[in-house]
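What follows is a single structure, written as structure tokens, with notes after it.
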Amino acid sequence: MNENLNDAQKREKIDPNEDNKPLPWFITMTIGALFMWSATYIKETVMTAAPEAGDSRSEQVAVACAGGGLAKVAIDGGAIFQAKCVACHQATGEGIAGVFPPLAGSEWVKGKPEVLASILLHGINGKIHVKGTEYNGQMPVFKDLLKDDEIAAVLTHIRSTWGNNAPAVDEKLVASIRESTKARATSYDGDDELSKLEAK
């Protein structure tokens, strides 16, 4: 030790030094192996689904036992609700007071399924009364975002949740409403139009 150092300097420990090996060899080898596996996995994976399909969580498809054909498994309307509707109508179905109407106990939800399907397909723009309260906002258009079976699934979900007890909605009904209203280019004008549909 250098005798020219004072007592405080002599008490100091030598600074650690990584030398030429900052990582143990086995960690370096593990990182290299993971990198090679990842590159091989990406190269060998066959992507057949369209990117916009995402993970297709809401549309589950299973291989049928007989014949090896494809058979649809029931679509999870609750998952679609969580992905598309929960921000406005909330997980409780109570909406946000004065802003987004509730689905729980809503006369529109429990009413004619044809009207409810029309609302999801084309949206609402204008005043609508729900459970005695007036709302003046905009319901998005879902005709280009959801398929008939997905709309039927989410409608069935909201009609049977939060104390609602209305019959399920069939995919064929949604398809028929989509076909009969395909020329429509605007959203429904709140109560003014929807009440006429309800009365039919």
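Where a number appears in this text, it was derived from the coordinates with a stated rule and is not lab data. Please read all numbers here as calculations on a predicted model, not as lab measurements. Here Cβ is always computed from backbone atoms with ideal geometry, including for glycine, and neighbour counts include all displayed protein chains.
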field: Inverse of mean 1/r across different Cα pairs in segment 76-199, Kirkwood, Å
entry: 14.2 Å
Pair Lys196, Ala83: separation of 7 Å Cα→Cβ label points (nm): 3.5 nm
query: What pairs from Lys84/Lys200; Lys143/Lys172; Lys147/Lys172; Lys84/Lys182 go past 19 Å between their alpha carbons?
result: Lys84/Lys200; Lys84/Lys182
- prompt: Contour minus end-to-end for Asp170 and Lys13, with contour as 0.36 nm per residue of separation and end-to-end as the Cα-Cα distance?
  reply: 48.8 nm
message: Please compute the modelled spin-label separation between Ile42 and Lys112, points set 7 Å along Cα→Cβ, answer in nm with one decimal.
response: 5.5 nm
